[in-house]
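In what follows, a single structure is set out as structure tokens and then discussed.
Derivation of every value follows stated rules applied to the coordinates shown; laboratory data play no part. All values reported here derive from a predicted model rather than from experimental measurement. Note: ideal-geometry Cβ built from the backbone for every residue, glycine included; neighbour counts use all protein chains shown.
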């Protein structure tokens, strides 16, 4: 359990909190209103090492640990959930996967551009019939000469609107579900990739989510990791991705708590601030306690990612606890602010919409409970 931060971790947290306050927060409402991908903010984030947080310095990254990464994502999400998710996709689901499984030429080509912000990454796993059941891949990769022809459709691909490269998962052996899936590194400029209209959503707007129709040819040198082992690679990536989503949820939840406290101190009813009433105090107490508990689980999961080969259970516990605590916090903040929070364009209204996605993407809460239960039963 991580209870105290090192001096380096604390200094990094403060640096990113300042960046989030001075840069990200000023753009958050505009990103939500327009739904436009925040490319300018992503490039600014790169200057702070936020696009290659855990990538070794030898490859152009910041070379930091996963606890620092979780702290950074929480700090950014406190200002903008959208920016936090875009950062986490490039970090956890793309750059870290290339660093972990890529060949030297693949690392040479992509890691420095990703870490510097010259390139943005996307992770193309989900399909119309492969959401929680991600092993049910219908996109096919058929051997053709010195490479493969990939055909199929990917949906809800975050960052796809501006991405330079995507990790695309496709079935290379029929009938084997996850055991017959391969990961490919695909430049988004590859002929045969058709990006459909941007997918709008209730919250986390501006994420650059698009569906991809694929009819492309790739070389053998674009296989990432081993042929037929791509699903394992995807599950490895999601261990880190779920820690990042837990941190994102914490940032949203903390922002909701901040708004609720400020309003409770400011708003007067019956001659005194509503913060003086026990009904409000107990809501604030529950919000603070549940977020603090989820933060400990998230830091524990981040530390486990640094120290262990497998940290799926810790990551699922963190994501489950943090997303549900943050959802409750946003709901209570809405209740405390009442009509002031329910008004379109208020900070709490945006947080209320943004937080719901944390219980859905990179594995629903139900999927996290399945993973946790499997680990608990296996180790009983």
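Below are the figures for this structure:
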item	result
Per-peptide average of other Cβ atoms within 10 Å, ordering 159-170, 179-190, 267-278 highest first	159-170, 179-190, 267-278
Computed helical MRE - 222 nm, the chain, DSSP H runs ≥ 4 contributing -39500 (n - 2.57), nearest 500	-16500 deg cm²/dmol
Length added when fully stretched, residue 132-residue 57, from 0.36 nm per residue minus Cα-Cα	23.5 nm
The range 311-380 versus the range 81-117: alpha-carbon centroid distance in Å	25 Å
The range 231-378: C-alpha pair distances exceeding 25 Å, %	34 percent
Extended-chain gain in nm, criterion 0.36 nm per residue less alpha-carbon gap, residue 140 and residue 116	5.4 nm
Spin-label zone in the range 189-208 - amide nitrogen under 11 Å from a point set 7 Å from the Cα of residue 215 along the C-beta vector	192-194
Using a Förster distance of 56 Å, the FRET efficiency for residue 306-residue 343 (Cβ separation, nearest 0.05)	0.85
Percent RCO, i.e. relative contact order, over the range 122-228, from Cα pairs under 8 Å lying at least 6 residues apart	31 percent
Candidates 346, 68, 34: whichever shows maximal mean-square fluctuation once the chain is modelled as a Gaussian network with Cα springs under 10 Å	34
Rough spin-label spacing in nm, given labels placed 7 Å along Cα→Cβ, for residue 373 and residue 267	3.8 nm
The range 237-284 and the range 122-156: distance between their alpha carbon centers, rounded to Å	40 Å
Protection proxy ranking, peptides 108-116, 44-52, average beta carbon neighbours within 10 Å, highest first	44-52, 108-116
For the range 122-228: rounded, prolate or oblate by the Cα gyration tensor [a/c cutoff 1.5]	oblate
Residue 104 paired with residue 176, simple spin-label distance in nm, labels 7 Å along Cα-to-beta-carbon	2.8 nm
Extension reserve of the residue 40-residue 278 stretch, reckoned as 0.36 nm per residue once the Cα distance is removed	81.3 nm
Of all DSSP beta bridges in the chain, antiparallel share, percent nearest 5	85 percent
